[in-house]
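**Q** Please read through the structure below; I'll follow up with questions.
Bear in mind these aren't lab numbers, they're just calculated from the coordinates by the rules spelled out. Nothing here was measured: the structure is a model prediction, and the numbers come from that model. A quick note on method: Cβ atoms are made from the backbone with ideal geometry, for glycine too, and the neighbour counts reach across all protein chains shown.
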Amino acid sequence: MHAMTMTTQTIFLLLLALAPLRMAAAGKNCPGVPWLGAVAACRKASSTKFIYDLCIRTMREDGVDMSPSHKQEVTAYIILATEDAANSYDSTQLVASNQLDQNASLPGPVRDAYEGCLNDYPAAEDSLDRVTEAMRSGCDFVGIADQYTSGMMSLENCRDRLLSLQQYKTPVYPMVLADRDKVSLAYMLAKLLGI
């Protein structure tokens, strides 16, 4: 139990240290890309109150200046949301892996589903890495929508595996749903680029 606590603390401290670097690295001047305040970006990107609330919470948790006078290029918000989703992916994979390694009584179908998810997640994460790299390396956003779609399909595969286990209560299923919400938010913000 102590080792798990140390791992969780280490991940948390690492994420705290990296958060300001993410926003600092995000700034660039791409022609035609809007500059918005965080609240305005969340409002424009959100089709539901749930996504809006998730957007605001994500911005606040990552230390974004929420004042109306503060504006950033929307690529900064996209990177932040995409990396927040990637960090969430890491947490989900860690829980699934720990369940496989530390729970000897895990039923066979649940074990199979977790192993399948651990095969699905790297492809989903790779898609997010490609989006982040495109945002940071230049102003050519062609293919970004395809990357989000590809990553979402990998998450859907995992979700479907876990959904078939309705007779079992699994801690990973709600995490996968939360990951889908986070990548949906990142995609909705990316749509502000006209992709």
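**Q** What ranking do Glu83, Glu73, Glu156, Glu61 get, fewest neighbouring Cβ atoms within 10 angstrom at the top?
**A** Going from least to most buried by this count: Glu61, Glu156, Glu73, Glu83.
**Q** A further question on this structure: With no solvent and one equal point scatterer per Cα, compute the Debye intensity ratio I(q)/I(0) for region 74-167 at 0.14, 0.20 Å⁻¹ and report its log10, rounded to two decimals.
**A** The computed values of log10 I(q)/I(0) come out as -0.56, -0.92.
**Q** So, one more: Going by how many other Cβ atoms sit within 10 Å of their own, how do Thr170, Thr149 line up, fewest first?
**A** Fewest to most other Cβ atoms nearby, the residues stand as Thr149, Thr170.
**Q** Based on the Kirkwood radius over alpha-carbon pairs, what is the Stokes-Einstein translational diffusion coefficient of the chain at 37 °C with 0.692 mPa s viscosity, in µm²/s?
**A** 187
**Q** Using only DSSP helix segments of four residues or longer, with each worth -39500 (n - 2.57), what per-residue ellipticity at 222 nm results for the chain after dividing by its residue count and rounding to 500?
**A** -25500 deg cm²/dmol
**Q** Taking the chain as a Gaussian network, where each spring joins two C-alpha atoms under 10 Å apart, which residue of Leu165, Leu128, Leu80 fluctuates the most?
**A** The residue that fluctuates most here is Leu165.
**Q** How many angstrom lie between the Cα centre of region 26-82 and the Cα centre of region 91-109?
**A** 35
**Q** Next up: Assuming 0.36 nm per residue, please report the length gained on full extension of the stretch Ser91 to Asp126 beyond their Cα-Cα distance.
**A** My answer for the length gained is 11.1 nm.
**Q** Using the count of nearby Cβ atoms within 10 Å as a rough guide to exposure, how do Ile79, Ile144 rank from fewest to most?
**A** Ile144, Ile79
**Q** Shifting gears a bit: With the chain treated as a Gaussian network of Cα nodes joined by springs under 10 Å, which of Ala40, Ala96, Ala104 yields the largest mean-square fluctuation?
**A** Ala104
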